[in-house]
Amino acid sequence: MKVTFLGTGTSQGIPIIGSKHPVCLSTNSKDKRLRVSVLVAWDNYTYVIDCGPDFRYQMLRAECDRIDGIVFTHEHSDHVLGLDDIRPFYFKQGDIPIYAHKRVLKSLRKRFDYIFATKNKYPGAPTVITNRVKNKSFKLKNMKVVPVNGLHDKLQVFGYRFNDFAYLTDMKTVSDKEIEKIIGVKILVVNALRIDSHRSHFNLEEALQFINKVKPGKAYLTHISHLLGFHEDVEKMLPENVFLAYDDLEITI
């Protein structure tokens, strides 16, 4: 399995528009972060977890010419606003499967009503095949996927485990019962927004505490804001098996 980090930034990305913060002015490419998403590929299958407003460019940069579906964590704009940009895939492949909690599917139907239309549909609009995700395992082709339930402040969010890879973003609270689903994975990806506490995201300290509970082989931090600091500086602060993810990073599991 290969995982490509399409984006590792928070909702505003880095640099933030108009910001003079030193991290936003950094010339290090690892400090430039698109909105958070990953590409997960195995055998001849390719799935995207979330498709935010940078989706088009992320697909071009990754030289991705086919996707087998999109798996959504939740409905916030930085995770869903690229849905219209599945059109090139739709024109080549046909209807695109999407997988999400029923609340997320309802939100997508409202925001992208023209995609979900069944009458008088605009001919240039893509079509999706909806698949409701519950808090129980499901199959993507030959892969068993295990949802991991958590809270983003008070909003339910799904993380996902693909074999020995687990991806969690926008988490603030995860119960011990849900943590048991990912204990000992080879690779864990989890959000770490900044140094200071935040009401709806793990900060760095909380992310490291969470990693200690999961005990993965390696962990990568994502959904990073400029307030976490410079990539090179933060890397020096981390335990030996924990790393900052960065855009276009590829890992093989």
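The values are calculated or read from the model by the stated rules, or taken from the named source; none is laboratory data. A quick note: this is a predicted structure, and the numbers were derived from the prediction, not measured. Cβ atoms come from the backbone with ideal geometry, glycine included; neighbour counts cover every protein chain shown. Areas reflect the complete protein model, heavy atoms only, side chains present, ligands, DNA and RNA absent. Shrake-Rupley method; radii C 1.70, N 1.55, O 1.52, S 1.80 Å.
Numbers for the structure displayed
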| item | result |
| --- | --- |
| Highest-fluctuation residue, L108, L25, L188 considered, GNM on the chain with Cα pairs under 10 Å | L25 |
| Where a label projected 7 Å from the Cα of L151 along Cα→Cβ would reach, residues of segment 200-244 with amide N under 14 Å | 200-202 |
| Separation of the N241 and R132 label points, Cα + 7 Å toward Cβ, nm | 3.9 nm |
| Degrees between helix 204-214 axis and first principal axis of the chain (Cα, 0 to 90, nearest 10) | 80 degrees |
| Area of F91 that stays accessible when all protein chains are in place (1.4 Å probe, Å², to 10) | 130 Å² |
| Accessible surface of R194 - all protein chains present, 1.4 Å probe, nearest 10 Å² | 60 Å² |
| Spin-label proximity, Y90 to segment 14-51 - amide N less than 19 Å from point 7 Å beyond Cα toward beta carbon | 47-51 |
| Contact order relative to length of segment 119-253, as percent, for alpha carbon pairs under 8 angstrom and 6 or more apart | 17 percent |
| Within the chain, percent of DSSP bridges classed antiparallel, to nearest 5 | 55 percent |
| Of K106/K134; K2/K218; K30/K134; K134/K181; K213/K236, pairs whose Cα-Cα distance is over 26 Å | K30/K134 |
| Percentage relative contact order, segment 30-161, counting C-alpha pairs under 8 Å, at least six apart | 19 percent |
| Principal-axis tilt of helix 102-111 within the chain, Cα atoms, nearest 10 degrees | 70 degrees |
| Ranked packing of 48-59, 174-185, most packed first, by mean Cβ within 10 Å | 48-59, 174-185 |
